[in-house]
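The values are calculated or read from the model by the stated rules, or taken from the named source; none is laboratory data. These figures come from a predicted structure and were not determined experimentally. When we count neighbours, we look across all protein chains shown, and the Cβ atoms used for this are built from the backbone with ideal geometry, even at glycine. Side chains are part of the model used for accessible areas, which takes the heavy atoms of the whole protein and leaves out ligands, DNA and RNA. Shrake-Rupley method; radii C 1.70, N 1.55, O 1.52, S 1.80 Å.
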Amino acid sequence: QVRLVESGGGAVQAGGSLRLSCAASRSIFSINFMGWYRQAPGKARELVARITSSGSASYADSVKDRFTISRDNAKNTVYLLMNSLKPEDTAVYYCHAFWGYDYWGQGTQVTVSS
């Protein structure tokens, strides 16, 4: 099993930056995929960014060139650096890991005001 705990959410003005962290309860070295999803009010949960165990990253078109996902295997932590934030980035952000099963964090709120 993997327990995921997010931190780093908050309120920021448009154009600002935030860095989300996702701390895992076990080594992430061998976890196939880790990533970030988000869910805005009234909308479905959507994939924001994902990183493989080899470090290959992929992004939703809406965040490409603004967000960067990274992982620190030594700290069992995945990060999401969000730059040039827009009001439409407002959502609850969830950390996700796939290791045979889907594991989810509890979510962290990101609010971007115009």
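Which percent of the accessible heavy-atom area of the chain goes to carbon and sulfur, probe 1.4 angstrom?
For the chain, the apolar C and S fraction of the accessible surface comes to 49 percent.
Given +1 on the Cβ of Lys and Arg, -1 on the Cβ of Asp and Glu, and no further charges, what dipole in debye does the chain carry about its Cα centre, rounded to the nearest 20?
The calculated dipole for the chain is roughly 160 debye.
Kindly report the accessible area of the chain per residue (heavy atoms of protein chains, probe 1.4 Å, no ligands, DNA or RNA), in Å².
Value returned for the chain: 52 Å² of accessible area per residue.
Hey, any idea what the orientation-averaged projected area of the convex hull of the range 1-49's Cα atoms comes to, in nm²?
4.7 nm²
Quick check on the range 11-114: take the gyration tensor over C-alpha atoms, sort the square-rooted eigenvalues as a ≥ b ≥ c, and tell me if it's rounded (a/c under 1.5), prolate or oblate.
Taking the square roots of the gyration eigenvalues as a ≥ b ≥ c, the range 11-114 is prolate.
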